Amino acid sequence: MKLHHFAHSSASYRVRMVLALKQIEISYVTVDMPAQEQTRLPFAALNPQRMVPCLELDDGRVIPQSLAIIDYLEGLVPEPSVYPADPVLRSQALALALFIGSETAPLQTRLVRRILAESFGFDEAADQRWITTWIRRGLEHANAFLAASDHAGTFTFGETPGIADIFIVPQLRNAARFGVATDDLTELNRLDAVAKAHPALAKAHPDAWL
Ligand SMILES: N[C@@H](CCC(=O)N[C@@H](CS)C(=O)NCC(=O)O)C(=O)O
């Protein structure tokens, strides 16, 4: 198996975390996003959506979309599971992942920001306001949801990193990168501290892939 990814891509970071947690050894192929490699052949033929991450199986079939790739990896190597055993907690953890994966991260892609700059006249200041607005909003919602739910454990829904953590951690890194204040988001700050100390999560961190 090969993971087509990019170090700074938060969706790639999610998949790298799951590979590290499940100790799955595969090959990694860097897609140079600043050079727009994702928009050109051969990558564009592999994933018509022109986005990383994309998992290429040994038989040539491909799985795009981080959540779909994680779901495949969960089936392949069920332990440690990224899902809580309790059905309600499992769905809540997934909902939290979607707060980030569906409502927050998509607004920050290079593609969206490029279109805002080229077609809507966004300059650097507007770009910064745009990105910080959406990061802050997504993290605030995640923090409030966690504060109100009866989750427990070192990580959001247990003693080991799970699907919610896997989506939140890269978004916290983006917050730091783009100067978004998160001091008041106590649930998330607690998670950030334990995530930084976790060896498998550290192995997947963008800095380890530059
Ligand atoms: N929903 C997708 C999002 C993937 C995504 O947004 N990938 C970004 C990098 S983090 C990308 O490839 N963007 C292409 C571009 O901006 O041109 C997933 O979870 O895999």
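The values are calculated or read from the model by the stated rules, or taken from the named source; none is laboratory data. Quantities reported herein were computed from a predicted structural model and do not represent experimental measurements. Quick reminder, even Gly has a Cβ in these numbers, built from the backbone with ideal geometry, and neighbours come from all protein chains shown. Ligands, DNA and RNA are excluded from the accessible area calculation, which covers all protein heavy atoms including side chains. Shrake-Rupley method; radii C 1.70, N 1.55, O 1.52, S 1.80 Å.
Annotations for the structure displayed:
Residue-by-condition table, conditions (1) at pLDDT 95 or above; (2) farther than 22 Å from GLU74 by Cα:
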| site | (1), (2) |
| --- | --- |
| LEU139 | yes, yes |
| LEU146 | no, yes |
| SER149 | no, yes |
| THR160 | no, no |
| ARG173 | yes, yes |
| ARG190 | no, yes |
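- When residues of region 101-124 are limited to those that are in a helix (DSSP H, G or I) and more than 21 Å from PRO34 (Cβ to Cβ), the one nearest to the ligand (Cβ to nearest atom): GLY101
- For region 7-19, the criterion of being within 30 Å of ILE131 (Cβ to Cβ), of a type outside the set (Lys, Arg) and over 19 Å from the mean Cα position of the chain (by Cα) is met by none of the residues.
- Verdict on LEU98 being open to solvent by less than 20 Å² (accessible area, probe 1.4 Å) and more than 10 Å from the ligand (Cβ to nearest atom): no
- Criterion violated by GLN92 - all others in (1) over 23 Å from ASP150 (Cβ atoms); (2) in contact (Cβ under 8 Å) with a residue 40 or more places away in the chain satisfied: (1)
- Within region 140-163, the set of residues being open to solvent by 10 Å² or more (accessible area, probe 1.4 Å) and part of a helix (DSSP H, G or I) comprises GLU140, HIS141, ASN143, ALA144, PHE145, ALA147, ALA148.
- Check on GLN23, open to solvent by 50 Å² or more (accessible area, probe 1.4 Å) and either at pLDDT 95 or above or among the hydrophobic types (A, V, I, L, M, F, W, C) (or both): yes
- Which numbered condition HIS198 fails, given (1) modelled with pLDDT of 95 or more; (2) open to solvent by 70 Å² or more (accessible area, probe 1.4 Å): (2)
- Summed over region 4-47, residues that are in a helix (DSSP H, G or I) and near the ligand (Cβ under 9 Å from one of its atoms) total 8.
- Selected residue (only one of ARG90, ARG50 is assigned to a helix (DSSP H, G or I) and crowded, with 16+ Cβ neighbours inside 10 Å): ARG90
- The residues in region 164-195 that are open to solvent by 20 Å² or more (accessible area, probe 1.4 Å) and either in the same structural domain as THR30 (by TED's automatic domain parsing) or not in a loop (DSSP other than H, G, I, E, B) (or both) can be counted, and the count is 10.
- Whether a residue is in contact with a Phe, Trp or Tyr (Cβ under 9 Å, 6 or more places away or on another chain), among the small types (Gly, Ala, Ser) and surrounded by 15 or more Cβ atoms within 10 Å (Cβ to Cβ) was assessed, and SER81 does not pass this test.
- Residues of region 61-82 that turn out to be within 16 Å of the ligand (Cβ to nearest atom), under 14 Å from ILE26 (Cβ atoms) and either under 14 Å from the mean Cα position of the chain (by Cα) or touching a residue at least 24 places away in the same chain (Cβ under 8 Å) (or both), as a count: 3
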